[in-house]
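Notes follow once the structure below has been shown.
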Amino acid sequence: MPSEVRESLQEDYSQVQAMLDKLEQGHIHIAVFGRVSVGKSALVNALLGEARFATSPLHGETRTVQQGHWSEFRDGNVILLDTPGINEVAGEEREMLARQVAGRADLVLFVVDGDLTAVERQTLHGLGSQGRPMLLVLNKTDRYSADEREALRAALLAHSEGLIMPDSLVFVAAQPAEQWVVRVDESGKETETRRQPPPDVAELKALLWQVLERDGKSLAALNASLFAGELSDEVAGRVLSARRTLGDRVIRTWCIAKGVAVALNPVPVADLVAAAVVDVGMVVHLSRVYGFPLTRSEAGELVRTIGAQMLLLMGTIWAVHFVASALKLGTGGLSALVTGGAQGAVAYYSTFVVGRAAERYLANGKSWGDAGAKLAVREILDSLDRGSILEQARADIRARLGRV
Ligand SMILES: Nc1nc2c(ncn2[C@@H]2O[C@H](COP(=O)(O)OP(=O)(O)OP(=O)(O)O)[C@@H](O)[C@H]2O)c(=O)[nH]1
Ligand SMILES: [Mg+2]
């Protein structure tokens with residue numbers, strides 16, 4: 001693997017290591033996620049049984065990811081992750097962080113404080129379609145009457161259909177609003193005091209307990225496999241693009257070598273022999289970049305296959321190549337007309353096409369795919385801007401010859 005590629009994967013390796021450590025220690029991560037001010041921090045506090053994290057009626061109180069070991073469960077191996085709220089004005093970066101954490105958690109508590117908003121619906125679908133296990137938690141139930149609660153239950157289930165099963169929807173009051181309490185003393189005197197009712201998260205605790213007992217291990221395993229799948233797609237993409245960059249460099253180098261050789265070489269038949277030798281060398285080189293090393297004879301076979309398709313598809317430009325070669329042999333006078341430089345540019349162009357086609361074949365795991373070599377070569381020819389490549393060829397060759 002090229003070192004550029006390996007370096008770009010450093011971050012992925014450390015993420016894999018973190019995931020492995022987590023599995024080994026049997027840690028389970030529960031992310032508390034949702035819109036700003038729905039009561040995420042209050043919920044984490046209620047579960048932890050202490051006012052660990054700041055809560056506030058102002059939006060955007062939580063600015064980083066904060067975590068607490070939930071000692072009630074499994075020797076503190078369950079970790080609650082409080083995240084910044086989504087959909088806050090100018091909070092894009094914090095939202096990204098929250099989404100990242102939720103996207104790596106074993107279980108997400110998706111907290112809302114009413115029916116789903118459009119953004120919540122979108123986000124819930126996003127996480128659900130990843131296959132991320134979720135519970136939908138309606139907080140602040142102390143604000144609603146019994147009738148309103150039932151109406152909300154129906155609405156939430158309808159709006160999260162296919163993502164949240166009825167038994168995954170839970171109602172809580174993490175930090176119920178203070179209440180006025182009237183006390184009457186022996187003398188009949190009334191005093192009003194404010195009282196903070198205790199949190200009501202019993203239903204959620206019971207459900208979490210049940211889920212963790214039943215599925216704890218498989219949640220962690222499912223998460224690891226989601227992570228692995230996602231990561232391997234990402235890594236494959238990055239490896240491929242690093243290979244493309246390197247491949248482009250390899251192709252250009254060989255194109256220049258061939259273009260210059262053909263421009264300088266006065267013996268036409270040797271032009272053609274040299275041309276094939278150069279193309280084969282380039283394909284061998286490319287095959288190493290793409291991790292499917294080919295022998296010279298395999299590379300030769302590939303060059304012949306591509307060459308045959310090119311001959312069919314771009315007869316004219318090849319004809320120019322042949323005619324130019326022939327002219328050089330016969331009439332020295334005419335070579336002013338079709339100069340060595342033009343021939344070199346044509347040679348450069350054909351090597352470029354061979355390189356691109358070989359790249360396609362190699363990137364596809366040494367295969368032309370269902371469509372076959374003909375379609376692949378045609379697509380490449382169609383996608384290239386011949387004029388600008390020939391121009392590039394002339395510039396590259398001129399630069400080289402100038403230096404000789
Ligand atoms: N009535 C009522 N208010 C609550 C409840 N839970 C939280 N709140 C209030 O809602 C406000 C926001 O609570 P936080 O826990 O800070 O909300 P958050 O989701 O962490 O907010 P950010 O960190 O800003 O995203 C605070 O004023 C809390 O007192 C509840 O169960 N009932
Ligand atoms: Mg918060």
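Only one entry in Arg195, Arg143, Arg149 is more than 16 Å from ligand 2 (Cβ to nearest atom) and either within 35 Å of the chain's Cα centre (by Cα) or not assigned by TED's automatic domain parsing to the domain that holds Val38 (or both), namely Arg195.
The lone criterion from (1) of a type in the set (A, V, I, L, M, F, W, C); (2) exposed (fewer than 14 other Cβ atoms within 10 Å of the Cβ); (3) within 22 Å of Pro176 (Cα to Cα); (4) more than 15 Å from ligand 2 (Cβ to nearest atom) left unmet by Ala90 is number (3). Filtering the range 19-52 to residues that are aliphatic (A, V, I, L, M) and under 16 Å from Ala102 (Cβ atoms) leaves Met19, Ile28, Ile30, Ala31, Val32, Val36, Val38, Leu43, Val44.
Only residues that are hydrophobic (A, V, I, L, M, F, W, C) and either assigned by TED's automatic domain parsing to the domain that holds Asp396 or out of contact with any helix residue (DSSP H, G or I) (no Cβ under 8 Å at 6 or more places or on another chain) (or both) were counted across the range 229-238, and they come to 1.
Being out of contact with any helix residue (DSSP H, G or I) (no Cβ under 6 Å at 6 or more places or on another chain) and under 15 Å from Glu359 (Cβ atoms) is the filter here, so list the residues in the range 288-303 that pass it. Matches in the range 288-303: Arg288, Gly291. Out of the range 377-404, which residues are touching a Gly at 6+ places or on another chain (Cβ under 7 Å) and in contact (Cβ under 8 Å) with a residue 60 or more places away in the chain? Of everything in the range 377-404, those that are touching a Gly at 6+ places or on another chain (Cβ under 7 Å) and in contact (Cβ under 8 Å) with a residue 60 or more places away in the chain turn out to be Ala393, Asp396, Ile397.
This table checks each residue for (1) among the hydrophobic types (A, V, I, L, M, F, W, C); (2) outside any loop (DSSP other than H, G, I, E, B); (3) farther than 15 Å from Ala105 by Cα.
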| position | (1), (2), (3) |
| --- | --- |
| Tyr13 | no, yes, yes |
| Ala18 | yes, yes, no |
| Ala46 | yes, yes, yes |
| Arg63 | no, no, yes |
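Of the listed requirements (1) more than 16 Å from ligand 1 (Cβ to nearest atom); (2) part of a loop (DSSP other than H, G, I, E, B), Pro197 misses just one: (1).
Quick grid of which residues meet (1) surrounded by 14 or more Cβ atoms within 10 Å (Cβ to Cβ); (2) in contact with a Lys or Arg (Cβ under 9 Å, 6 or more places away or on another chain); (3) assigned to a helix (DSSP H, G or I):
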| site | (1), (2), (3) |
| --- | --- |
| Glu150 | no, no, yes |
| Ala154 | no, no, yes |
| Leu157 | yes, no, yes |
| Glu161 | no, no, no |
| Trp180 | no, yes, no |
| Gly229 | no, no, yes |
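Of all the residues in the range 78-104, those that are within 12 Å of ligand 1 (Cβ to nearest atom) and of a type in the set (D, E, K, R) number 4. Only one of the listed residues (Ser8, Ser37, Ser14) is within 16 Å of ligand 1 (Cβ to nearest atom) and among the polar types (S, T, N, Q). That residue is Ser37. When we screen Gly49, Gly34, Gly26, Gly39 for residues that are modelled with pLDDT of 90 or more and surrounded by fewer than 19 Cβ atoms within 10 Å (Cβ to Cβ), the only hit is Gly49.
The single condition among (1) in contact with a Phe, Trp or Tyr (Cβ under 7 Å, 6 or more places away or on another chain); (2) within 16 Å of ligand 2 (Cβ to nearest atom); (3) not β-branched (Val, Ile, Thr) that Met134 does not satisfy is (2).
The values are calculated or read from the model by the stated rules, or taken from the named source; none is laboratory data. Source: prediction; values computed, not measured. Every residue, glycine among them, receives a Cβ derived from its backbone with ideal geometry; neighbour counts consider all protein chains shown.
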